[in-house]
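> Quick one: this structure, given as structure tokens, is what I'll be asking you about.
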Amino acid sequence: MKKVLVGLIAMMLLLVGCSSSGNGLKEIKTSDLCVTHINLDSKICYGDEKKDVEQVTGEGEEITRFMSYENGIRIMYRNDKVAGISLSDESLDIYESEFAKIGDSKKSILENLGSDNSINEVPSNLDYLYDSQTKKFILGKPDLKETAEEMENVYIVSFMFDGDGNARSIMLVDWRMATFMQ
């Protein structure tokens, strides 16, 4: 029994050591650009069809270039497919992203996602930009892309914080949608 207990403790320490050594985002894939409706255990992801999204959110109201739905979720569509997702204060305890949830502190988000690949220049904002073609994080404004399709390969994970340093909005979007709202 003692050997089993020692073995379990050693395995736990090994697992903890492995998980902490690779801390932070290594890449961002389209499958990471999702939010989960906590109560329904349903996901809404980048690239999903509008009709599938509205099975989770219900019908929304069109506001300029995006659809606003109940509970503080806004979806930006391109050709009836999700090209951006935004959560606001109203999303608290209803939706959460793959990366964080509304109300999480900037400190905890940085601990989870890492600071090496972040753009963290002002207290009220934190961004991660990832070029899926070059497989590299961008630590400033992305290089000029020649085509709309190239712009769609740059993914942005963005957080805005209140005066206490807690997330009040989360945005998951591609560079084309963020730049041109299309």
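> How many residues does the range 46-96 contain that are in a helix (DSSP H, G or I) and either within 16 Å of the chain's Cα centre (by Cα) or touching a residue at least 40 places away in the same chain (Cβ under 8 Å) (or both)?
Going through the range 46-96 one residue at a time, the tally reaches 3.
> Does Ala167 satisfy being farther than 27 Å from Glu49 by Cβ and crowded, with 17+ Cβ neighbours inside 10 Å?
yes
Quick grid of which residues meet (1) in contact (Cβ under 8 Å) with a residue 40 or more places away in the chain; (2) more than 17 Å from the chain's Cα centre (by Cα); (3) more than 17 Å from Ile28 (Cβ to Cβ):
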{"site": "Glu98", "(1), (2), (3)": "yes, no, no"}
{"site": "Glu111", "(1), (2), (3)": "yes, no, yes"}
{"site": "Ser115", "(1), (2), (3)": "yes, no, no"}
{"site": "Leu129", "(1), (2), (3)": "yes, no, no"}
{"site": "Val154", "(1), (2), (3)": "no, no, no"}
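> Next up: When you scan the range 133-142, how many residues do you find that are in a strand (DSSP E or B) and open to solvent by 40 Å² or more (accessible area, probe 1.4 Å)?
1
> Taking Gly58 as the residue in question, decide whether it is open to solvent by less than 50 Å² (accessible area, probe 1.4 Å), modelled with pLDDT under 95 and farther than 16 Å from Leu172 by Cβ.
yes
> Scan the range 87-101 for residues that are surrounded by fewer than 21 Cβ atoms within 10 Å (Cβ to Cβ) and more than 15 Å from Asn166 (Cβ to Cβ) and jot them down.
Correct list: Ile94, Glu98.
A quick yes/no check of all residues on (1) open to solvent by less than 80 Å² (accessible area, probe 1.4 Å); (2) aliphatic (A, V, I, L, M):
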site	(1), (2)
Ile109	yes, yes
Ser115	yes, no
Asp131	yes, no
Leu144	no, yes
Thr147	yes, no
Glu152	yes, no
Val173	yes, yes
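The values are calculated or read from the model by the stated rules, or taken from the named source; none is laboratory data. Model, not experiment: these values are computed from the prediction. As a convention, Cβ positions derive from the backbone with ideal geometry for all residues, glycine included, and neighbour counts pool all protein chains shown. Quick note on the areas: whole protein, heavy atoms, side chains included, nothing else; ligands and nucleic acids left out. Shrake-Rupley method; radii C 1.70, N 1.55, O 1.52, S 1.80 Å.
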